[in-house]
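K.L.:
Structure in C-alpha cells, see below.
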Amino acid sequence: MKNSDIPAIEGGTPVRDTVLPYATQWIRNEEIQAVVEVLKSGWLTSGPKIPEFESALAEVAGAKHAVAVNSGTASLAVSAAAIGLGPDDEAVVPSLTFAATAFAVLYTGANLVLADISEDTYNIDPAEIERKITPKTKAVLPVHYAGNPCDMDAVTRIAREHDLSIIEDAAHAIGASWKGTPIGAIGDLTCHSFHAIKNVTCGEGGAVTTDSDELRKRLTSLRYFGLSADTWQRARTDRPWLYHIEELGFKCNMMDIQAALGIVQLKRIDEFKKRRAEIVDTYNKAFAAEEAIITPTVTDGAESALHLYVIRLRPETLRADRDQALRALHAENIRANIHYLPLHLHPYFQRAFDFKRGDFPVTERVADNIITIPLFPKMTDADTRSVIDALTRIIDYYRA
Ligand SMILES: *Cc1c(COP(=O)(O)O)cnc(C)c1O
C-alpha cells in the first residue's frame, strides 16, 4: 500500500493541510456595504429594512406574506403560538430533526409526538403521521430534511382529513419546490432559518411565510410583545408614545442589520443554488458506483434546495463504523458532521418523555450510519476533490 493510500488517522499524510468546514457563509463586499449603511443610518433594530427583506423573501418563497424574526427557532415558536397550540393539544414531529422543531411544540405546553421517517427520503413518513393522530392532534411539523421537500400532497391530504395545521420546518429548504410550487406557502405556515450556515444568511435570523392575512397579523403581534404596532411603525404616527399590549407575546424581532445582510444574500440565491448543484453532481458521480455509500435521493416531484449532502454508509461493507469514518475524515482535515442524533436518543427527550432506542427503527437505521460531508457555494473544485479523495481512501482502507 502506497503512503498516499493510507488514511491520515492510520499514519498517512492528510489529503489536505487546511481545515474544510461542512458549511460556511459566503459574504462579499455588497453584503458588507449593506450592513455598514445600516450602522451609519442611525436605526439599527427593526426599521425600514424589515419590510424590504420580507417582500424579497415572500417573492422567493412564493408566499403572500413573510414575517421576519431573529432566528429559525423563533419562527417555529411564534408559529406554534399563532395557530393556538396549547396544553390540551398534540403535534407530530419527525425524530430526525434539530431540537428547535420539537421545542416549538413544547414551549406552548402541547404534547410532543415523535414520528419515524421514510427510508428513502429521510423525511417524515406520511403513514407514520396517520398512525400518530389522536383526537388531540392539532398540528404536524414536517421538516424538509437536507433541503429535500416532503411529499406535500400526502401531508396536505392527511392534514385536511384530520383538520390539522401544517407548520413546515423549511430551515434547510429556501429555494426548494414541490411539483413546481416553491416551498413557502403550501402548509399554513412555513418557517425559515437564516443562521450563518444555512443556504441564505442574516448571521442569525428567521422568518415565517404564509398566504394567510390573519396568521400574518398574529405573527407580527407575537414577535414583538403582543403589541399592535412596533416602535418603527409607532414612530410614524401622531402619538408614537402610545402602545397597547394585546396578548402574551415574544421578543424576537429581527434587526435592520440582519435584514440588510439578508436582502443581498436573497439576491444571490440562484447563484448559490447553481454552485450547490455543481458540487452535488460531482459527488453523485464520484460515489455512484461505490457500494459502501448510499447517496442522497430527491423526493419524486420535488426540487431540493441541496442544503446538506448526507451520505449513508452500508455498515456490512466496512470494518469501521460511522464514528470511525468521521474521526478519519477529521484527521484528513475535513470537518464532516452528523444531521442528526435523533431527538428520541437525546438525554432530555429520554428523561422527559420516556423515549428509548428502538422506538423509531427506520430513523435509527439511517441516523446510525449518516455523515454530512462539506457542501457550500464557496467550496472550490479542489475542495470538492479533496473530500472525494479522502472518503475514497478511508473506504478502501476499511473495506470488509
Ligand atoms: C437551523 C435549524 C433550525 C433553527 O434555526 P436557527 O436559525 O438556528 O434558530 C430549525 N430546524 C432545523 C431543521 C434547522 O436546521
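Here, each number is a calculation from the coordinates, and none is a lab measurement. Please read all numbers here as calculations on a predicted model, not as lab measurements. Glycine gets a Cβ as well: all are built from the backbone with ideal geometry, and neighbour counts include every protein chain shown.
K.L.:
How high is the relative contact order of the range 258-396, in percent, counting Cα pairs under 8 Å that sit 6 or more residues apart?
P.N.:
Once normalised by length, the contact order is 29 percent.
K.L.:
Continuing with the same structure: So what's the back-of-envelope 222 nm ellipticity for the chain, counting only DSSP H runs of four-plus at -39500 (n - 2.57) apiece and dividing by all residues, rounded to 500?
P.N.:
So the calculated ellipticity at 222 nm is -11500 deg cm²/dmol.
K.L.:
Could you please state, rounded to a whole Å, how far the C-alpha centre of the range 260-274 is from the C-alpha centre of the range 25-85?
P.N.:
13
K.L.:
What's the exposure ranking of Val92, Val38, Val19, Val67, going from fewest to most Cβ atoms within 10 Å?
P.N.:
Sorted ascending by nearby Cβ count, the order is Val19, Val38, Val92, Val67.
K.L.:
Pairs of Cα atoms under 8 Å, at least six residues apart: use those to get the relative contact order of the range 141-205, whole percent.
P.N.:
RCO, the range 141-205: 29 percent.
K.L.:
What FRET efficiency, computed as 1/(1 + (r/R0)^6) with R0 = 30 Å and r the Cβ-Cβ distance, is obtained for Lys285 and Ile27, rounded to the nearest 0.05?
P.N.:
Approximately 0.50, to the nearest 0.05.
K.L.:
Counting pairs of alpha carbon atoms under 8 Å apart in space and at least six apart in sequence, what relative contact order in percent does the range 73-144 give?
P.N.:
37
K.L.:
Sticking with this structure for a sec: Would the chain count as rounded, prolate or oblate if I go by the C-alpha gyration tensor, calling it rounded below 1.5 in a/c and otherwise prolate when a/b exceeds b/c, oblate otherwise?
P.N.:
Verdict is oblate for the chain.
K.L.:
While we're on this one: Would you work out which of Val298, Leu164, Met379 lies farthest towards the positive end of the dipole of the chain? Charges go on Cβ: Lys and Arg +1, Asp and Glu -1.
P.N.:
My answer, from the dipole projection, is Met379.
K.L.:
Decide, for the range 156-264, between rounded, prolate and oblate: order the square roots of the alpha carbon gyration tensor eigenvalues as a ≥ b ≥ c, take rounded if a/c falls under 1.5, and otherwise choose prolate if a/b is larger than b/c, else oblate.
P.N.:
It is oblate, given that a/c is not under 1.5 and a/b is not larger than b/c.
K.L.:
Compute the separation of the alpha-carbon centres of the range 308-351 and the range 169-229 and state it in Å as a whole number.
P.N.:
Computed from Cα coordinates, the inter-centre distance equals 29 Å.
K.L.:
Run the simple label-point estimate for Glu247 and His346 please: 7 Å along Cα→C-beta, distance reported in nm.
P.N.:
2.6
K.L.:
Also: Once a ≥ b ≥ c are taken as the square roots of the eigenvalues of the Cα gyration tensor of the range 278-400, is the result rounded (a/c under 1.5), prolate (a/b larger than b/c) or oblate (a/b not larger than b/c)?
P.N.:
In terms of gyration-tensor shape, prolate.
K.L.:
How would you rank Tyr397, Tyr122, Tyr224, going from fewest to most other Cβ atoms within 10 Å of each one's own Cβ?
P.N.:
So the residues, fewest neighbours to most, are Tyr397, Tyr224, Tyr122.
K.L.:
Expected output is a single nm value to one decimal: the length gained when fully extending between Glu119 and Thr45, i.e. 0.36 nm times separation in residues minus the C-alpha distance. What is it?
P.N.:
Taking Glu119 through Thr45 to full extension adds about 22.3 nm, to one decimal.
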